[in-house]
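Data first, discussion second: the structure below is written as structure tokens.
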Amino acid sequence: MSFSVTDIRRDFPIFERTIRDGKRLVYLDSGATSQKPWAVINAETDFYTKHNAAVHRGAHQLAEEATDAYEGARAKVAGFIGAQPEEVIFTKSATESLNLVAYAMGNAESGNRFALGEGDEIVVSEMEHHANLVPWQQLAKRTGAKLSWFKVTSDARLDLTNIDEVITPRTKVVAITHQSNVLGTINPLDAIVKRAHEVGAVVVLDACQSVPHMPIDVAALGVDFLAFSGHKAIGPTGVGILWGRSPLLSELPPFLTGGSMVTSVTMTDATWAQAPQKFEAGVPNMAQAVGLGAACNYLTSIGMQAIRDHEIALTDYALKKLVEIAELNIIGPSTNESRGSTISFTINEIHPHDLGQFLDSQGIAVRTGHHCAWPLAKSMNVQSTTRASFYLYNNEEDVDVLVQGIQSAQKYFGRF
Amino acid sequence: MSFSVTDIRRDFPIFERTIRDGKRLVYLDSGATSQKPWAVINAETDFYTKHNAAVHRGAHQLAEEATDAYEGARAKVAGFIGAQPEEVIFTKSATESLNLVAYAMGNAESGNRFALGEGDEIVVSEMEHHANLVPWQQLAKRTGAKLSWFKVTSDARLDLTNIDEVITPRTKVVAITHQSNVLGTINPLDAIVKRAHEVGAVVVLDACQSVPHMPIDVAALGVDFLAFSGHKAIGPTGVGILWGRSPLLSELPPFLTGGSMVTSVTMTDATWAQAPQKFEAGVPNMAQAVGLGAACNYLTSIGMQAIRDHEIALTDYALKKLVEIAELNIIGPSTNESRGSTISFTINEIHPHDLGQFLDSQGIAVRTGHHCAWPLAKSMNVQSTTRASFYLYNNEEDVDVLVQGIQSAQKYFGRF
Amino acid sequence: MELDSLYQEVILDHYKHPQHKGLNPVFSAQVHHVNTSCGDEVTLNVTIKDRKITGISWDGQGCSISQASVSMLTDLLIDKTLEEAEVITHSFSELMASKGTSTGDADLLEDAVAFAGVSKFPSRVKCALLGWMAFKDAAVQSQGESK
Amino acid sequence: MELDSLYQEVILDHYKHPQHKGLNPVFSAQVHHVNTSCGDEVTLNVTIKDRKITGISWDGQGCSISQASVSMLTDLLIDKTLEEAEVITHSFSELMASKGTSTGDADLLEDAVAFAGVSKFPSRVKCALLGWMAFKDAAVQSQGESK
Ligand SMILES: Cc1ncc(COP(=O)(O)O)c(C=O)c1O
Ligand SMILES: Cc1ncc(COP(=O)(O)O)c(C=O)c1O
């Protein structure tokens, strides 16, 4: 097979190090952040050592090269998600991307399609990461709009049975996650997009956990805005993406203001440049954008469908092995339908934090806690879970080590 | 002398490349962005290849190491500007830092000391970079507050003669630049801070052009908030700093909301963590923070006073040489008193853009245009200037090459 | 295994057999603290009379370290004066900040010296301190009220 | 020197001796365009009668490339029909996008083929196009009005 985890791992230098007393690193925390291949690290280094200058500004060769590198990265990211370059905005993170839309809507004056006030509604879901929940709560507070939400069913799916009551003619925006960072659930978008557009609302997709793991074509999804973070997609830290449809980006007011996003400025007033510049105030995160471009190229060279297939197979294997463990409860879909490779679980009698600590002593990196989705934890009736999340550099051996680790932990903590 | 530009240049790999047809790179655009030493580039690489994980979250060794690296960087930056670590907030840029304060003030509810409304006033100056002007214009529009400003005198200084009329008992915030990115003027802060505090206003300092070039001690300055960008201080792109006094950070509402900045979240409400976490939503720009920490260490190892002294000497030399050129007008103080090493000028008959292009053909990188300070250009009665800005890696030879370049340009464009 | 220095037998024992767990409805101060990074929580009901801690009861959810630590805290602080409690609390905080360099003052901390190993795991120090921070808060509150 | 391909004699000549500079107060459309990255600006007063460009006058401030380009534009477009102007404008835009691979259509562009060298300097293409973008705008505006 052309998909070789052994080969891929060689591209990721962190796997050369060991954990604790010489244990092999079994990294199962890509849901929090992914590891980086040399291609990405070197792209940043190359920018700093050869082409570093402020983009869009200088009349000199370095500035030209920096601009080419930066705009070239924008084109790569656009190609990666099936978008046009001018629809792709570089932010610092998905968190900023989502806040950007929420604050910019808050800046819209009446008459603008994004303007919100009392009587308007904002829709989210119970399975949102705080980054796609709190900004909308705050927007609701600032504007007087009402926040409503989809519930999560007991089998860890979005409850869409009451979709017509949740998304109403007063709904202006539906902000929803593509894949839950806790449950692994992949949400069906068609019905949501259809209903939202029917009532004239825009759909903002939190694609943090989907863009890194499966082929994404924004045109096919039908959503209006999409946000993701570079660092979860083998890209650098400090860079995120907001994609938006061109006509919407034209109408949306700006968020951060400052240099390079204006057409003219007087002491009391300013006018705005076209998107994407309108949303990129100041000297941008150039090296990180370039690194993200390299990440997109790397992922494309492996193949996003191949990565998705690999993760499906790995999830199959992992679910099968995990459900065999006594006292282990999967928090999320226990079948492999419409789900990503993020698997959360609890173990009776062992608190996730203690389990995580034990696994760490075996070289296994998992995440424990509420995973920045507190309302979801409450609705699933758990205080905390252990989460293993897989990526292109994980294989069945990693699953085996995890399973053994859990079993050893059960022995370790069961000793009294 | 211990200050050796030759030695310093060896630490900055970009000086190994050449420009156009093999010309030596004479980089005089550090006012836009600075070059990076290996120490900074390697710090980022080291983070990615050895310690990369999401900070503050995981129960595993990589997460612990990443947290140590990130919080260690915060402590380094704090030490660099004489602050406490918990007063130092990592942002993506000075532009974000300044927007953070402006938006957060806009979020303050009545009763909060930062709350603004009609009757309140915001003070800026005519020499602000758009990043420290447009966010305040927008805040004024959103809240109904009035924007007023200090004018610039014909000798390129802040006109403080009417300080008591500009800063009034209704003033809530004074946002001012420490050093003009166009004129080079260093503004006297004592009178402004005194008057602002007298009327109960806070002072926000745009220190983009000062922190990289001189010793800064926030306690001694007396201001309340201070913003700067890493990339102008030999640090990575994609990282900036907001410093604020602890009690003020406690009272200031948050700006970006999302993960890691909350203490609890329900579907409709959230409560906030303490600063600095309150202002750092999401997985932060970890590698860039670490790189900025390395930059602070590098600058400290050279010595900020030594850098300042070096730049003063270089500015002396450059001013003397430049004023000898026929038809050249310095836009900014023509003496070396209270000024940094940024020198803007115009040349009769040669448009800055053409001059910049010619200098580029000689390997000299300068910046031309309005330098994101359009109102200042208008008040100085110029449409555009050429700006040479110096840093620790420049020397008198660079000045000589610039002067020769200008003279050659005069011949080149004077040939008809 | 270094893990054993973290999960001392006495700690796991308190975790499985927590002392004074179950909230007493009578108290002079009630506090609820949450470790926001992991969600661990503890509620303390503290009764203080004439600067003496006559009772602490608690409820909570969380990892073995956070829960065992509250349990031991109750054993240590009940029947102490506020002054004595402050000395013990201070000593425990110092132990937690020691990064594995201290073994703790067994006279003051008794069984709680078992937490010495936690100080080597920076991400767990917060767990061990959860109950102690809550207690500090409760002490301040009940003093405020008695004035 | 590659710079010479940018600063052709005819360009600098137009810069120093601009054609049709000075705004004619009579016009069918007036537009003001600014190159926001450098501040260069141009105002065009365009008069169109029966789809024929009978007059263009202008004023502006900026670099030699932007100003010479407007000057040549007036020479090329005055007395042309809107259809002819569109062909010329399109040809000029293509030349600017050619990254140094085209020498330009001398029959259509006449002296303006001197801008071929500009296409090698991506940051200057905007300068050369400033007046042409303004003209496009003016043409659209005056058509709108004549309807
Ligand atoms: C004085 C001043 N303020 C603010 C900024 C904005 O900094 P950044 O673009 O890094 O956010 C700059 C530089 O562009 C500047 O020179
Ligand atoms: C589903 C989801 N949304 C949003 C975020 C926030 O992303 P970031 O912290 O990179 O801004 C994350 C990750 O933390 C996530 O998993």
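What follows draws every value from the coordinates through simple rules; no lab data is involved. Everything numeric in this text was worked out from a predicted model, so none of it was measured. Every residue, glycine among them, receives a Cβ derived from its backbone with ideal geometry; neighbour counts consider all protein chains shown.
Taking only the alpha carbons of segment B:313-416, we obtain Rg and Dmax values of 13.0, 41 Å in that order.
The angle between the Cα long axis of helix A:61-81 and the main principal axis of chain A comes to about 60°, on a 0 to 90 degree scale. Projecting the alpha carbon convex hull of segment A:248-288 along each direction and taking the average yields 3.2 nm². Partner aspartates and glutamates whose Cα lies under 15 Å from the Cα of D:K52, excluding those fewer than 8 positions away in the same chain, are identified as D:D75, D:D79, D:E83, D:E84, D:E86, D:E145. Phi angles of segment B:345-351 translate, via the Karplus equation with coefficients 6.51, -1.76, 1.60 and θ = phi - 60°, into HN-Hα couplings of 7, 10, 10, 3, 6, 10, 6 Hz per residue; Gly and Pro are given as x.
Give me A:T346, C:T43, A:T153 ranked fewest to most by other Cβ atoms within 10 Å of their Cβ, as a rough exposure proxy.
A:T153, C:T43, A:T346
In the protein assembly as shown, the inverse of the mean reciprocal separation of distinct Cα atoms equals 31.5 Å; this is its Kirkwood hydrodynamic radius. Evaluate E = 1/(1 + (r/R0)^6) for D:E86 and B:K23, where r is the Cβ-Cβ distance and R0 equals 35 Å; express this FRET efficiency to the nearest 0.05. Once rounded, the FRET efficiency stands at 0.25.
Shown for A:R170: label points 7 Å from Cα along the beta-carbon vector, and their distances to the equivalent points in the other copies, 3.7 nm in ascending order.
Within 10 Å of the Cβ of each residue in B:28-36, the mean number of Cβ atoms contributed by other protein chains is 5. Each copy carries B:I325; placing its label point 7 Å along the C-beta direction from Cα gives inter-copy distances of 7.0 nm, listed from smallest up. Between the amide H of A:E128 and any residue lying 5 or more places away or on another chain, no distance stays under 5 Å, with hydrogens modeled in the peptide plane. Among the listed pairs B:K278/B:K378; B:K411/D:K126; A:K141/B:K378; C:K16/C:K80; A:K36/B:K92; A:K278/D:K80, those whose Cα-Cα separation exceeds 30 Å are B:K278/B:K378; A:K141/B:K378; A:K278/D:K80.
The Cα-based radius of gyration of segment A:239-329, divided by its Kirkwood radius, gives an Rg/Rh of 1.27. By DSSP, the beta bridges lying fully in chain A are antiparallel in about 60 percent of cases. Straight-line cross-link reach from B:K50 at under 18 Å between alpha-carbon atoms covers these aspartates and glutamates, not counting any fewer than eight positions away in the same chain: A:D11, A:E16, A:D21, A:D29, A:E44, A:D360, B:E64, B:E65, B:D68, B:E71. For segment A:41-300, the percent of C-alpha pairs falling in each 10 Å distance bin, counted from 0 to the bin holding the largest distance, reads 7, 31, 34, 20, 7, 1, 0. Per residue of peptide B:13-20, the mean number of Cβ atoms on other chains within 10 Å of the residue Cβ is 4. Rounded to the nearest 10 degrees, the angle from helix D:122-146 to the longest Cα principal axis of chain D is 10 degrees. Estimated from helical segments only, the mean residue ellipticity of chain A at 222 nm is -11000 deg cm²/dmol, where each DSSP H run of four or more residues counts as -39500 (n - 2.57).
Close amide H pairs (under 5 Å, H built 1.01 Å from N) link A:V26 with A:I364, A:A365, residues at least 5 positions away or on another chain. The same position A:G111 in the other copies lies at 3.6 nm from this copy, comparing label points 7 Å beyond Cα toward the beta-carbon, shortest first.
Computed from the C-beta positions of A:L248 and C:K52, the FRET efficiency with R₀ = 51 Å rounds to 0.20. Between helix A:352-361 and chain A there is an angle of about 70 degrees, using the helix long axis and the longest principal axis of the Cα atoms. Only beta bridges with both residues in the protein assembly as shown are counted; by DSSP, about 70 percent of them are antiparallel. Computed from backbone phi, the HN-Hα couplings of segment A:82-98 come to x, 10, 8, x, 6, 9, 9, 10, 7, 10, 8, 5, 4, 4, 5, 4, 5 Hz, rounded to whole numbers (Karplus: 6.51 cos²θ - 1.76 cosθ + 1.60, θ = phi - 60°; Gly and Pro given as x).
In debye, nearest 20: dipole of the protein assembly as shown around its Cα centre with unit charges on the Cβ of K, R (+) and D, E (-)?
My answer is approximately 400 debye.
Shape analysis of segment D:46-147 based on the Cα gyration tensor places the equivalent ellipsoid semi-axes at 23, 14, 11 Å, largest first. Taking a Cβ cut-off of under 12 Å around A:A273, the surrounding Lys, Arg, Asp and Glu residues balance to a net charge of -1, with basic ones at +1 and acidic ones at -1. Its Cα centre serving as origin, segment C:3-142 has a Cβ charge dipole (Lys and Arg +1, Asp and Glu -1) of approximately 360 debye. Here the Karplus curve 6.51 cos²θ - 1.76 cosθ + 1.60, taken at θ = phi - 60°, turns the phi angles of segment A:4-17 into couplings of 10, 4, 4, 5, 4, 4, 5, 7, 10, x, 5, 6, 7, 8 Hz, with x standing for Gly and Pro.
If you plug the beta carbon distance of B:S154 and D:A106 into 1/(1 + (r/R0)^6) with R0 = 56 Å, you get a FRET efficiency near 0.65. Counts of other chain beta carbons within 10 angstrom of each beta carbon in peptide B:383-395 average 1. Ordering B:M286, B:M214 by the number of other Cβ atoms within 10 Å of each residue's own Cβ, fewest first, gives B:M214, B:M286.
Taking Cβ atoms as reference points and 13 Å as the exclusive limit, the residues near C:S71 contribute a net charge of -3, counting Lys and Arg as +1 and Asp and Glu as -1.
Compare the Cα positions of B:I122, B:T237, B:C208 along the charge dipole of segment B:107-249 (+1 at Cβ of Lys, Arg; -1 at Cβ of Asp, Glu; about the Cα centre) and return the one farthest towards the positive end. Result: B:T237, furthest along the dipole toward the positive end. This ranking places A:D120, B:D316 by how few other beta-carbon atoms lie within 10 Å of each, fewest first, which gives B:D316, A:D120. A Stokes-Einstein calculation at 4 °C with viscosity 1.567 mPa s, built on the Kirkwood radius of segment A:20-134 over Cα pairs, returns a diffusion coefficient of 71 µm²/s. When the convex hull of its Cα atoms is viewed from all sides, segment A:107-218 shows a mean projected area of 7.2 nm².
Segment A:368-413 and segment D:1-44 have their alpha-carbon centroids 65 Å apart.
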